[in-house]
Amino acid sequence: MVSTVEKQTELARCLLDMGALLLDCGAEISRVEDTMCRMGKAYGARHMEAFVITSIIILTMDFGNEDAITETRRIYSSAGNDFYRLEKLNELSRSCCASPLPLTELREKLEHVAAGKKPEKVILWGSILAAGGFAVFFGGTIWDSLAAAAFSLLICFLQKQFGNTQIGTAGSNLFISFLSGLGVGALCELLPMLHMDKILIGDIMLLIPGIAMTNSIRNILGGNTISGAVRLLESLIWAAALAGGFMTAMLIIELAV
Amino acid sequence: MKQIMIQLVTAFIGSLGFGLLFGLRTRHLLWAALGGMIAWGIYLWVYARIPELFLANLCASIFAVTYAELMAHLRKCPATLFVVTGVVPMVPGSSLYYAMDCAVNGDLEGAAIYGHKTLAVALAIAAGISFVTVCRELRARRG
């Protein structure tokens, strides 16, 4: 299928791109490894080895000629959740494993998927529904829900600002939870009919790394101990940063009132 | 009864919100939100009979993941899509908040109680997910 060494290297790079994208969309480690190996075999590799952890991918492809190809890729962001692209990638890998696309076409499709981020409007509506819904779910009133929805927009805005910087998730969680804690606290002082705890709980649901934590435990139980442990530690730190931000805000409000 | 209805409706809305937030396709959205709502219904049902936090969350998360596997099979997509939206109403945001609140106010006993709840629920969700995953692997190996 891919005969020359150049083409084999290009295939390896395509697969690394695909693996990196999958990780970025929130795929489990075992799915990333499995997808890369299946794809490689579909393109004629005799033996495939993929080692994936949340910060690096190592891929070795053996086509049966003299040297096996090994490429590595450093991964910088692997905690996203983008099911739209995840599903697109899944479809691409399924169709490729059934009948391999020419490499140029595979590259084109990958770039197409990588560029197709979810629209911002959808994210905003999602945050509004999630924060507003969970504020009532945990016992708030309709007014609490509206306040939580309003602050979820602030959280979205801040998350987007932090997304483009070098500040990690822990730092941004600390800052965002501190600001929203202060804002909600001030609003509740102005409007006594609001319940600060319910509003904040609604907004916490957006920031809490519950998904990352459950995924990490899945990884550990699935035998990917390194990735799972790294992600578990990360999500605990993120949760601690979240709690730290809110606690500081609550202390300031209690002192000020 | 009214309280239960409100919880079920808001669980649906909340799961729908997370579905949107994570970029789930429109054609999956309603099914995903429905999964979250039924999972919460199961939690309420179990908890009303056996008031044990861990057990109720475990049952609900086992349901959520089984539902996700079924949906993945029927709708030809990765199960992860439905796992996340299914378990999200169980995520212990509220007990985490009250644990922090107690800690700030110097109520260490309260902080410990809520902290313990948070941990128990997180473990129950993870245990439920793993239980179903293991069952699936065993079936796949046999078939």
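Bear in mind that the values in this text are calculations on the coordinates, not laboratory data. Everything numeric in this text was worked out from a predicted model, so none of it was measured. In this analysis, Cβ positions are derived from the backbone assuming ideal geometry, glycine residues included, and neighbour counts consider all displayed protein chains.
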Full extension between A:Lys160 and A:Trp125 adds, at 0.36 nm per residue less the Cα distance, a length in nm of 11.1 nm
Do any GluC sites (Glu not before Pro) in the stretch A:43-148 lie in a loop, going by DSSP, with at most 14 other beta-carbon atoms within 10 Å of their beta carbon, and if so which?
A:Glu66
Please list, by residue number, every one of the trypsin sites (Lys or Arg not before Pro) in the stretch A:10-106 that is coil in DSSP and has at most 14 other beta-carbon atoms within 10 Å.
A:Arg46
What lysines does B:Lys117 reach when the alpha-carbon gap must be under 26 Å and sequence neighbours fewer than 8 apart in one chain are set aside?
A:Lys198, B:Lys2
With the contact rule set at Cα under 8 Å and sequence spacing of 6 or more, what percent relative contact order holds for chain A?
17 percent
For the stretch A:174-235 and the stretch A:132-160, what is the separation of their C-alpha centers, rounded to whole Å?
13 Å
Average other protein chain Cβ within 10 Å of Cβ, residues A:205-213:
5
Return the lysines within reach of A:Lys109: Cα separation strictly under 18 angstrom, same-chain partners fewer than 8 residues apart disregarded; answer none if there are no such residues.
A:Lys7, A:Lys88, A:Lys117, A:Lys118
Note on chain B: the mean projected area of its alpha-carbon convex hull, in nm², is 9.9 nm²
Calculate how steeply helix A:142-163 sits against the longest principal axis of the alpha-carbon atoms of chain A, using the helix alpha-carbon long axis, and give the answer as 0 to 90 degrees to the nearest 10.
50 degrees
Direction-averaged shadow area of the convex hull around the Cα atoms of the stretch A:120-256, nm²?
9.0 nm²
In the stretch A:13-86, the chymotrypsin sites (Phe, Trp or Tyr not before Pro) that fall in loop regions by DSSP, at most 13 other Cβ within 10 Å:
A:Tyr76
For chain A, what is the calculated [θ] at 222 nm in deg cm²/dmol (nearest 500), taking -39500 (n - 2.57) for each run of four or more DSSP H residues and dividing by its residue count?
-24000 deg cm²/dmol
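Using only Cα atoms, what Kirkwood radius does chain A have, in angstroms? Walk me through the numbers before you get to the answer.
Values: mean 1/r = 0.0492 Å⁻¹.
Roughly 20.3 Å, rounded to one decimal.
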Aspartates and glutamates near A:Lys160 by alpha-carbon distance under 18 Å, same-chain residues fewer than 8 away left out - which ones?
A:Asp24, A:Asp82, A:Glu120, A:Asp203
Would you give the gap between the C-alpha center of the stretch A:54-71 and the C-alpha center of the stretch B:112-140, rounded to a whole Å?
35 Å
